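One structure below.
The values are calculated or read from the model by the stated rules, or taken from the named source; none is laboratory data. Model, not experiment: these values are computed from the prediction. Cβ sites come from the backbone with ideal geometry, for glycine too, and all protein chains shown count toward neighbours.
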Amino acid sequence: MSRTINLIVIHCAASPNGKVLGATSRTAAAVIDQWHAQRGFHRQPAAIAAYNPDLKAIGYHFVLDVDGSKSTGRALDEIGAHVAGHNANSIGICMVGTDQYSTAQWGALASLVKALLAKYPGVPVVGHRDLSPDKNGDGTVEPSEWTKTCPGFFVANWLAAGMKPQAKNILAS
C-alpha cells in the first residue's frame, strides 16, 4: 500500500529533558510503544506482521532519543496515530524530551527531515502545536490557542534558521 504524504509533524515525548528512553535491551520506540498501548493505541494486525512486529501500539513513525539514535515505529506507508485529524497523510517524528534536546538529537532530526523532504519534496514540516485549532479565526495559531506545547520549539524558526536550533532549546551537556 502506498499513501500520499502531505505533512511531516514533529512531536516531543513530554519526558524529562536529557533522560535517555532507550536502554541496552529496549529502544525509545519500544518504551513509547508501551505508553501508547496504555493509552489504547493499536496498530492493524497486517501492519504489525509487515513491520516492527514487536511494536503493537506506537503512533509515531520515528523516535529520536537523547543520544541521537533513531528508532522506527510505524512503516512510512502505515497511517500514524500522532495528531488527530492529520494522521492519514502525515509522518510523525518524536523527539525524546520536552523542550531541550541534545546536539545529537538536533543533528538526527535535521538529517531525518532532509531525507524525508528528499523523498517527499515540498511537504510542510510543522510542530504538533502548529496543528492546534485557530480559535479566533485570524489564520494564525497563536500560543494562547495551542492545545499542546509539543514539540517545545518553533519548528518554523528552526527551518528558517537552516535547521539550527535556538540556544534555549539545546540541552546543556
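Restricting attention to the stretch 130-173, which residues are among the basic types (Lys, Arg) and more than 19 Å from residue 16 (Cα to Cα)? Outline the logic, then answer.
Looking only at the stretch 130-173, we keep the residues that are among the basic types (Lys, Arg), and these are 135, 148, 164, 168.
Answer for the stretch 130-173, where residues must be among the basic types (Lys, Arg) and more than 19 Å from residue 16 (Cα to Cα): 135, 164.
Any idea which of (1) surrounded by 11 or more Cβ atoms within 10 Å (Cβ to Cβ); (2) more than 16 Å from the chain's Cα centre (by Cα); (3) aliphatic (A, V, I, L, M) is the one residue 117 doesn't satisfy?
For residue 117, the exception is condition (2).
Inside the stretch 140-159, can you point out the residues that are free of Cβ contacts under 8 Å to residues at least 12 places away in the same chain and within 19 Å of the chain's Cα centre (by Cα)?
157, 158
Inside the stretch 81-90, can you point out the residues that are touching a residue at least 40 places away in the same chain (Cβ under 8 Å) and either part of a loop (DSSP other than H, G, I, E, B) or under 18 Å from residue 14 (Cα atoms) (or both)?
81, 82, 83, 85, 86, 88, 89
Select from the stretch 140-162 the residues that are assigned to a loop (DSSP other than H, G, I, E, B) and either surrounded by 12 or more Cβ atoms within 10 Å (Cβ to Cβ) or basic (Lys, Arg) (or both) and list them in ascending order.
141, 146, 147, 148, 149, 150, 151, 152, 153, 154
In the set 59, 137, which member is free of Cβ contacts under 8 Å to residues at least 40 places away in the same chain, crowded, with 22+ Cβ neighbours inside 10 Å and within 22 Å of residue 149 (Cα to Cα)? Spell out the reasoning first.
On the way: 137 fails: crowded, with 22+ Cβ neighbours inside 10 Å.
Unique residue meeting the criteria: 59.
Answer yes if at least one residue in the stretch 98-105 is closer than 23 Å to residue 52 by Cβ, more than 16 Å from the chain's Cα centre (by Cα) and outside any strand (DSSP E or B), and no otherwise.
Checking the stretch 98-105: not a single residue is closer than 23 Å to residue 52 by Cβ, more than 16 Å from the chain's Cα centre (by Cα) and outside any strand (DSSP E or B).
Of all residues in the stretch 62-80, how many are among the aliphatic types (A, V, I, L, M) and either in a loop (DSSP other than H, G, I, E, B) or surrounded by fewer than 16 Cβ atoms within 10 Å (Cβ to Cβ) (or both)?
4
For the stretch 81-112, give me each residue that is surrounded by 23 or more Cβ atoms within 10 Å (Cβ to Cβ) and at positive phi.
Across the stretch 81-112, the qualifying residue is only 97.
Within the stretch 88-104, does at least one residue satisfy the condition of being at pLDDT below 95 and in contact with a His (Cβ under 8 Å, 6 or more places away or on another chain)?
Scanning the stretch 88-104, I find no residue that is at pLDDT below 95 and in contact with a His (Cβ under 8 Å, 6 or more places away or on another chain), so the answer is no.
Looking at residue 93 and the list (1) out of contact with any strand residue (DSSP E or B) (no Cβ under 6 Å at 6 or more places or on another chain); (2) not in a loop (DSSP other than H, G, I, E, B), which single condition is not satisfied?
Result: residue 93 passes all but (1).
Check off (1) over 27 Å from residue 19 (Cβ atoms); (2) free of Cβ contacts under 8 Å to residues at least 60 places away in the same chain; (3) among the charged types (D, E, K, R) for residue 77 and give me the number that stays unchecked.
In the conditions (1) over 27 Å from residue 19 (Cβ atoms); (2) free of Cβ contacts under 8 Å to residues at least 60 places away in the same chain; (3) among the charged types (D, E, K, R), residue 77 misses (2) alone.
Filter the stretch 1-56 down to residues that are of a type in the set (Ser, Thr, Tyr), without any contact (Cβ under 8 Å) to a residue 40 or more places away in the chain and buried (at least 16 other Cβ atoms within 10 Å of the Cβ), then give me how many there are.
1
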